[in-house]
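One structure below.
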Protein chains: 6
Amino acid sequence: MRPSGRQPEQPRDVRLTRHFTRHAEGSVLVEFGDTRVICTASVENKVPPFLRGEGQGWITAEYGMLPRSTGSRMGREAARGKQGGRTVEIQRLIGRSLRAAVDLEALGEHTITIDCDVIQADGGTRTAAITGGCVALVDALNFLVREGRLEKSPLKQMVAALSVGVYQGIPVVDLDYPEDSAAETDMNVIMTDQGGFIEIQGTAEGAPFVQEELDNMLVLAKQGIEQLFEIQKAALAE
Amino acid sequence: MRPSGRQPEQPRDVRLTRHFTRHAEGSVLVEFGDTRVICTASVENKVPPFLRGEGQGWITAEYGMLPRSTGSRMGREAARGKQGGRTVEIQRLIGRSLRAAVDLEALGEHTITIDCDVIQADGGTRTAAITGGCVALVDALNFLVREGRLEKSPLKQMVAALSVGVYQGIPVVDLDYPEDSAAETDMNVIMTDQGGFIEIQGTAEGAPFVQEELDNMLVLAKQGIEQLFEIQKAALAE
Amino acid sequence: MRPSGRQPEQPRDVRLTRHFTRHAEGSVLVEFGDTRVICTASVENKVPPFLRGEGQGWITAEYGMLPRSTGSRMGREAARGKQGGRTVEIQRLIGRSLRAAVDLEALGEHTITIDCDVIQADGGTRTAAITGGCVALVDALNFLVREGRLEKSPLKQMVAALSVGVYQGIPVVDLDYPEDSAAETDMNVIMTDQGGFIEIQGTAEGAPFVQEELDNMLVLAKQGIEQLFEIQKAALAE
Amino acid sequence: MRPSGRQPEQPRDVRLTRHFTRHAEGSVLVEFGDTRVICTASVENKVPPFLRGEGQGWITAEYGMLPRSTGSRMGREAARGKQGGRTVEIQRLIGRSLRAAVDLEALGEHTITIDCDVIQADGGTRTAAITGGCVALVDALNFLVREGRLEKSPLKQMVAALSVGVYQGIPVVDLDYPEDSAAETDMNVIMTDQGGFIEIQGTAEGAPFVQEELDNMLVLAKQGIEQLFEIQKAALAE
Amino acid sequence: MRPSGRQPEQPRDVRLTRHFTRHAEGSVLVEFGDTRVICTASVENKVPPFLRGEGQGWITAEYGMLPRSTGSRMGREAARGKQGGRTVEIQRLIGRSLRAAVDLEALGEHTITIDCDVIQADGGTRTAAITGGCVALVDALNFLVREGRLEKSPLKQMVAALSVGVYQGIPVVDLDYPEDSAAETDMNVIMTDQGGFIEIQGTAEGAPFVQEELDNMLVLAKQGIEQLFEIQKAALAE
Amino acid sequence: MRPSGRQPEQPRDVRLTRHFTRHAEGSVLVEFGDTRVICTASVENKVPPFLRGEGQGWITAEYGMLPRSTGSRMGREAARGKQGGRTVEIQRLIGRSLRAAVDLEALGEHTITIDCDVIQADGGTRTAAITGGCVALVDALNFLVREGRLEKSPLKQMVAALSVGVYQGIPVVDLDYPEDSAAETDMNVIMTDQGGFIEIQGTAEGAPFVQEELDNMLVLAKQGIEQLFEIQKAALAE
């Protein structure tokens, strides 16, 4: 029995609120249950030094948590003077995942930065950030078309992410914080809406996991992520 | 004529949403028009080193802006490795102002940290942060009473803040961004609900200002702040 | 009764020693009683990135305290790897104040940096730094004229600063350290020699202050600052 | 055809040189072909703050590359003042993987730090570091037994790691640098000698990958890692 | 012919002004010609972590230059966030040199920090700092005796320092900036008043130097340092 | 009697292994007994900002120790976020010493960085680094000739370094760690193969040293360094 009463294959309620703030070219509040993340996409007319003159664009991501997004207050990374290891690991994952959504050559010499700021955490912030960040990214790409800076959107495919895990011996999707902190295995699955995997990160927190558990988790992940693509589509249709 | 069409003495619509996030002892979304700031109050059972053994508590504040809370994206302070000068200046002002609301000896050996994170900026983020932060602080003090850790709330008085300025030669209250960037003089006034000043910071951005302008601005500020105390009171009564 | 035996309206002895060190284009030792600050003005033929191509100049300031300028040794900021919040707040105030003295367009593409280094502290270091820094700035502007790099000095007006406060219920000027640490209210007033205010920063350290106290403090400040302009004028006439 | 002429299922020559340096409790030079990493295991009689009084031990890892371990010189992280994102990501992976090898409660209040310093890089530094680091860890655990500080080694299982990928459409193991930089998919697999997975990290560098490719890669990984366990066993038997 | 017209064996005028600032236990302005350094000695009732419980004291030094102590403005180290390599090298030399003056066991568990801040530089700041710092140190040791915290001064010997070099083929003492920047060889010699060497640092800036040049430089250094001990003695007798 | 049983004038076995790693233009493992340092020389087609347009090249050095190169683990400088004072002091010495080996104008606009990374420390790491680094430097210069980027090698002279000290009253060469930590005096001598001194750094760790001891140490140093030049020559002849 899951603490939330959900079925093993049942993700939390997912909500995507576009145009959540007004300055960014894309701005989405994504909620996976009580996990709430503001994802903004910002367009700049330049590329990082390693891409200068290559005639292609870049997608990158930054991640942060408000100090009191969590049960006890975390020190502010800006005040401590550095981003923690977990932050760095997550923002690199978000960046890699969202780059897979876009044809970087067709993007031309633009950089789009996806900022994912967690205002309330209850597990699954990185999968929420990728799922919401992709919608913000689509809005930013459409902005470039609307402004006449690109002829058509360089979007190749939608990307969404969901966690799966083994909780009390049973594979479950979209772990919330009480499950996440007790799970034996925790896996983040990032997929495209054409059914391919972008990234799989599975970690045995307690006992190692075996092939059969992996297979079961992947089946659950695929089912759940299909629902996320429907929710993304509905949000973008509004 | 103000860009927003407001009267000189008319503040923007101010909204205070308590319990905006669920983990903090106090959590308030404060909106001054399009300026939106999340203020959380976090209680810890300890005091900073310089107060150890003094038998009193401490109130402090930290301030941040999401990278895309503004018209063009600002670099993330956590990634740059340090807080900027403006950030430091503002968070020190918020901390000083809110300390004036509380009897620190009656607070006992607790520290309350007020985190003010701007999710959308349109001028006046520091005055919004003080006004909303004070409500979050009250909630955190009441939490301490409810939990039996204090017998009664050490709140001495409410504190609120408003900007006033001289815009196109006319004193106006609660400047939004278009006014703020063009104002000749900009003043932040922080007051108690008993009519005293906590802090006055007036800066001539262009020409110096004279005593009469100062007097006129202070009259406007007092009127506007009285309205803020009403709004705080209504929010706390809910 | 003030600890120093001074009258309420009596500032400390103020001394300005020009050409205190030999390398800088302007170099002034300013003393407000036992507070001693070295102010140097350094000219560079360039402007910060945000002003490039704007055809105007810039005035900025940096502030520091020698580790043992105070009663107990403070950690050296260079060794700790960052400037403290108070330092940042003060140097921003000095920079804003001294920019008001100069016609930045007439200055052309030059940057003048005012370094204010406290070698002995006894209260009022920021007002001393502004008052002495303005004289160093004038010397640097005259250097530019003497060198033929400017046709005439872009000085618009002199700027000076004085603290006022409420000490044991009585408004007093130019607080020294024993007064400063016990004052109920502390206000820094920065004015031009044409009688306008550049900046007012008043802070209630204990009880809030009221309009009448504010008015009384401003009267004292204006009187005292007039004396500072005389002292600046005499120093520059030497 | 692989650039090195290897068969798809053929790892590079793997060599483990124990006692490579003399000060550390465990010191192993691990070579996966031209990739060479020094792994040392250092024992300390203390635990990190978050474990104090918990009666258990801790295993952690740090990773670095000598500036000229790579084709062009990388800036030294110590000189730049921070560890890069890739470094942080890798050392967290090594730490998680090696913690799975040890019964942390049986370890008692000791911390073992595994330092993995790459002296020559040719792809697969993180899998080499885990495979070699586990041998250094075993030596450090045996040191604790030999010194009488533990009654028996708290080793639960051996851990080893290998990369697999899809190179020119074909799944291959243990990618060297020329393969790694051209691979469509890159996966790091960390397993125990009892056949369980500790961590799987698969990333689509180009096109997404599908279930069948994943399955094929995992078959190859398991075969290859079995050989690593033989090589670890042989090294520890010397 | 030296640019200053001095004889090869003639140091600059050296002045030592004790009690230069009022807060420090020792405070000396040292001038070697136009080189001016404020040296303060600060006493603390504690020792660094590596000496805790050892029953001995510690002497350490920090060095800094005001940004405009030099011909062109140097960036402020506190603003840049780190001390430069030259600064670190110099402050370690000053610390080592002055530790040689004191019986650290007799000092007991006190730390004395010598802060050397250059307000005007014209070559030889490190030798000036050591020579003046030793006088500040003596004053701080005498303070401990006067306060009854030590029975007698733990001073073992006076320490002073002078530079020597080969300028246009001729050995000279106490190089000023024009000589220093053109010298072929530059050597700093630190001695005790009992004739021993504490430290010798000789560097060939251009051509290597030979034994005979070394011998000649050391003869000059010894003569010059003897004069410094006289000047120290006279200053301490005041 | 020396702990190692060596004669006073007997250096440790010195080994130089060229081509130790494969990516760098010069790569040498240098061993002075149990002290082992990897020295790589990396060529870049650019010069630091202060040399731009001067038509000359630059030689610089960086130094680091693997965390467990020593008896107890040292914190990793990259993780602590700054290089320690000792590191900075040593790498500046290595850079100055090796610059003396090269005609910087003949080098043209190239920078060669010598990275010296200690993998095992037993005293004398800086002298080993200079001696081995010079061989790596020669290989890098020859690479520039072989590649046709320079017509002939700009090497002026070989440079080598050895420590000497006074151990139990007797001058000895090439101190190992047990001697180094107990020596009364410690001196590093850097010479050219034409018999000149590049740098002499002598430090009294306990009692001051006198001219006669200095002379005796220098005699020993010269003898020992002559042997180092033979070993360098033999290594380069292979």
### Query
Mind listing the phi-derived Karplus ³J(HN,Hα) values for the stretch D:161-171, rounded to whole Hz, using 6.51, -1.76 and 1.60 with θ = phi - 60°, and x for any glycine or proline?
9, 8, 8, 10, x, 10, 10, 6, x, 10, x
### Query
Just which residue of chain C brings its Cβ nearest the axis of rotation onto chain F, and by how many angstrom, rounded whole?
C:Gly81, 5
#### Entry: Among the listed pairs A:Lys82/A:Lys222; C:Lys46/C:Lys82; F:Lys152/F:Lys222, those beyond 32 Å (Cα-Cα)
A:Lys82/A:Lys222
### Task
Enter the Cα centre distance for the pair the stretch F:169-238 and the stretch B:24-86, rounded to the nearest angstrom.
57
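Looking only at other chains, what is the average number of their beta-carbon atoms within 10 angstrom of each beta-carbon in D:214-222?
1
Going by how many other beta carbons lie within 10 Å of each one, how would you line up F:Ile198, B:Ile114, fewest first?
F:Ile198, B:Ile114
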### Query
Averaged over E:116-122, how many beta carbons belonging to a partner chain fall within 10 Å of each residue's beta carbon?
4
### Query
Taking each residue of F:192-199 in turn, how many C-beta atoms of other protein chains fall within 10 Å of its C-beta, and what is the average?
5
### Within-10-Å neighbourhood charge of C:Lys46 [Cβ basis; K, R +1; D, E -1]
-1
### Copies compared at F:Ala79 - label distances in nm, ascending, label defined 7 Å from Cα in the Cβ direction
2.2, 2.5, 2.5, 2.6, 3.5
## Note on the structure
Output for the stretch A:56-155: GluC sites (Glu not before Pro) sitting in coil per DSSP, at most 16 other Cβ within 10 Å, listed by number, reads A:Glu109, A:Glu147, A:Glu151
### Summary
Sorted by chain and number, the residues with a modelled amide H under 5 Å from that of D:Ala101, at a separation of 5 or more or across chains, are none
## Note on the structure
So for the protein assembly as shown, using the alpha carbon gyration tensor with a ≥ b ≥ c as root eigenvalues (a/c under 1.5 gives rounded; past that, a/b versus b/c decides prolate or oblate), I'd call it oblate
### Query
Can you give the % of DSSP beta bridges in the stretch D:37-115 that are antiparallel, to the nearest 5?
50
### Computed helical MRE - 222 nm, chain D, DSSP H runs ≥ 4 contributing -39500 (n - 2.57), nearest 500
-10000 deg cm²/dmol
### Task
May I ask for the net charge around F:Gln157, where only other residues with Cβ less than 11 Å from the Cβ of F:Gln157 are counted and Lys, Arg are +1 while Asp, Glu are -1?
-1
### Query
What nm distances, shortest first, do you get from the label point of D:Gln7 to those in the other copies when the point sits 7 angstrom along Cα to Cβ?
4.7, 6.0, 9.0, 9.0, 10.4
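Within the stretch A:1-159, what percent of beta bridges assigned by DSSP are antiparallel, to the nearest 5?
Values: 22 of 30 bridges.
Of the beta bridges lying entirely in the stretch A:1-159, close to 75 percent run antiparallel.
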### Task
Taking a label point 7 Å out from Cα toward Cβ, give me the nm distances from A:Phe50 to the same spot in the other copies, shortest first, one decimal.
2.9, 3.0, 3.0, 3.8, 4.3
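No lab work stands behind these numbers, since they all come straight from the coordinates. As the structure is a prediction and not an experimental result, all values here were calculated from the model. Every residue, glycine among them, receives a Cβ derived from its backbone with ideal geometry; neighbour counts consider all protein chains shown.
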